[in-house]
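FYI, it's all coordinate maths here, none of it is from the lab. Worth saying up front: this structure is predicted, and the values here are computed from it rather than measured. Glycine gets a Cβ as well: all are built from the backbone with ideal geometry, and neighbour counts include every protein chain shown.
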Amino acid sequence: MDKVRLHTMALSPYGWGARLIACEKGVEVELAAAEVSDQGYESLHPFRKMPVLIHGEVVIYESIAIANYLDEAFPGPALRPADPVGRARVLTWLSVTSNYLFPIMNGLIKAVYEPKSAVLTLTIEELAAALTGLMQKLEDALKRTGCLVGEDLTLADFYLIPHLKTAALTPQGASEIAAWPAVNAWMQRLEARPAYGLANPLVIG
């Protein structure tokens, strides 16, 4: 099996998600620091973000592209439905996670742990209230089948859970996330998978 190199930071939810997806596909991952301020890093990511995946001569940046590449480029279980509607719904959840969930969850972490260095537009209380609204939407989605798309776990599920787990590192996030039964049943299902243990930076560092 080919190996990929992943430039990221240990607790980046996007890097964590990429690593989790790779582990689900049975792909060996070599971790490398994302030295975004180094002069040469722009050759990997023109906007100096993370993660970046390198597979031989192929360089992939942006986490949604990385998720799709890992599923398409390697054998192992397909992590997207075969039908166009199912694939569109997976992409919808990847976009929702990046555009709506990440800003609130990341904002909460910065507000709690980096209040002096972060440029904050919302208070902790406002961010916690916004998280409640997001969790209600997740609960409603997961109550249908136990997964975000259909009855099987997909890229959407593996992409999202690191964001919840990092938000739960704050007292406010942990309390809010614990309040939703369908969300917690889904998280427990994901956490029981061997790939989760292989990819979890909270355990393996």
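Helices assigned as whole DSSP H runs in the chain whose Cα atoms extend at least 20 Å along their own long axis and whose mean Kyte-Doolittle hydropathy is 0.0 or higher are found at 124-145.
For the chain, what's the relative contact order in percent, using C-alpha pairs closer than 8 Å and at least 6 residues apart? The partial results should precede the final answer.
Working: 276 pairs, mean separation 49.6, N = 205.
Relative contact order of the chain: 24 percent.
Counting only DSSP H runs of at least 4 residues, each contributing -39500 (n - 2.57), and dividing by the residue count of the chain, the helix-based mean residue ellipticity at 222 nm comes to -16500 deg cm²/dmol. Once backbone amide H atoms are built at 1.01 Å from N, Leu31 has Leu6 as its partners under 5 Å, excluding neighbours fewer than 5 places away on the same chain.
From the list (i) 15.9, 47; (ii) 16.7, 61; (iii) 16.7, 48, can you say which value of Rg and Dmax of the Cα atoms in Å was derived from the structure given? Calculated Rg and Dmax of the Cα atoms in Å: the matching label is (iii).
Quick one: work out the % antiparallel among DSSP beta bridges in the chain, nearest 5. Spell out each step's value before the answer.
Working: 7 of 13 bridges.
Counting DSSP beta bridges with both partners in the chain, the antiparallel share is about 55 percent.
Counting other Cβ atoms within 10 Å, keep those with at most 13, restrict to DSSP loop, and tell me which GluC sites (Glu not before Pro) in segment 119-164 are left. Those satisfying the criteria are Glu151.
Given segment 6-60, what percent of its DSSP beta bridges are antiparallel, to the nearest 5?
Values: 5 of 8 bridges.
The answer is about 60 percent antiparallel.
For segment 138-186, the list of chymotrypsin sites (Phe, Trp or Tyr not before Pro) that fall in a loop by DSSP and count at most 15 other C-beta atoms within 10 angstrom is empty. By the equivalent-ellipsoid construction on the alpha carbon gyration tensor, segment 25-115 comes out with semi-axes of 25, 22, 12 Å, ordered largest to smallest. The charge dipole of segment 118-205, taken about its Cα centre with unit charges on the Cβ atoms of Lys, Arg (+1), Asp and Glu (-1) only, comes to about 180 debye.
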